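Report on the following structure.
The values are calculated or read from the model by the stated rules, or taken from the named source; none is laboratory data. No experiment lies behind these values; they were computed from the predicted model shown. Accessible surface is based on the protein model in full, side chains and every heavy atom, while ligands, DNA and RNA are left aside. Shrake-Rupley method; radii C 1.70, N 1.55, O 1.52, S 1.80 Å.
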Amino acid sequence: MSERDPETDSATAGPAAFDERLSVPVWWYLLAVGLGVLMGAQIHMGYPGLRAWLGYVTMVPLCVGVLWWMGRSRTTVRDGVLVSNGRELPLSAAGVTDTVARADKQQAMGPDLDPQAYVLHRAWVGPLVRVQVLGRDEPYWVLSTRRPDELRAAIAAQAPHPQQQQH
């Protein structure tokens, strides 16, 4: 379950050039259910009767819900706009893009990170794409993506000016 179905095209919006949901791995849901059952069992031991089941009824959905919430981030390129988690960047303001490999994430997200940059980082997703921002307060965007080449190609295809691509 690495991705959800792409958003449907509508009469007012054209097809998305890139659409990705950064959901958590499926096996994490099994761990969440196990953790919820374990926490429910702790509550079960302290209460007799019907109240004993309240821990299971609340903790299992809570653990699964937290994972669902963590994995609902979405990045889309459509109609000349890069949308990341609801935040929009017109591609007319996008400059050079580059890919940060998984091995280089610690440096890019640590000492090299500008505090004014917009960051959508998900630890369970390997590479990052860095998009230079022209003429705005933020210097660049850093986005987690499982498909960095496709995201960079979609940005380059919809940007109103030619871009230099770096690897």
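Remark on R122: its backbone amide H falls under 5 Å from those of S144, a criterion applied only to residues 5 or more positions apart or on other chains, H modelled at 1.01 Å from N.
Computed with the Debye formula from one identical point scatterer per Cα of the chain, without solvent, the log10 of I(q)/I(0) at q = 0.11, 0.12, 0.15 Å⁻¹ comes to -0.56, -0.63, -0.84.
Per residue, what volume in Å³ does the convex hull of the Cα atoms of region 34-87 enclose?
Values: hull volume 4.1 nm³, N = 54.
It comes to 75 Å³ per residue, whole-number rounded.
Solvent exposure of region 7-108, expressed per residue, is 57 Å² of accessible area, with all protein chains present and a 1.4 angstrom probe.
Out of all DSSP beta bridges with both ends in the chain, state the antiparallel percent to the nearest 5.
Values: 22 of 26 bridges.
Approximately 85 percent, going by the DSSP bridge assignments.
Proximity of backbone amide H atoms, modeled 1.01 Å from N, is registered between G95 and Q132, V133, L134 at under 5 Å, excluding neighbours fewer than 5 places apart on the same chain. Using a probe radius of 1.4 angstrom, the carbon and sulfur fraction of the accessible surface of region 13-167 is 62%. To the nearest whole percent, what portion of all C-alpha pairs in region 50-138 is separated by more than 16 angstrom? Result for the distance tail: 66 percent.
Amide hydrogen proximity for V81: with H placed 1.01 Å from N in the peptide plane, the residues at 5 or more positions away or on another chain lying under 5 Å are L91.
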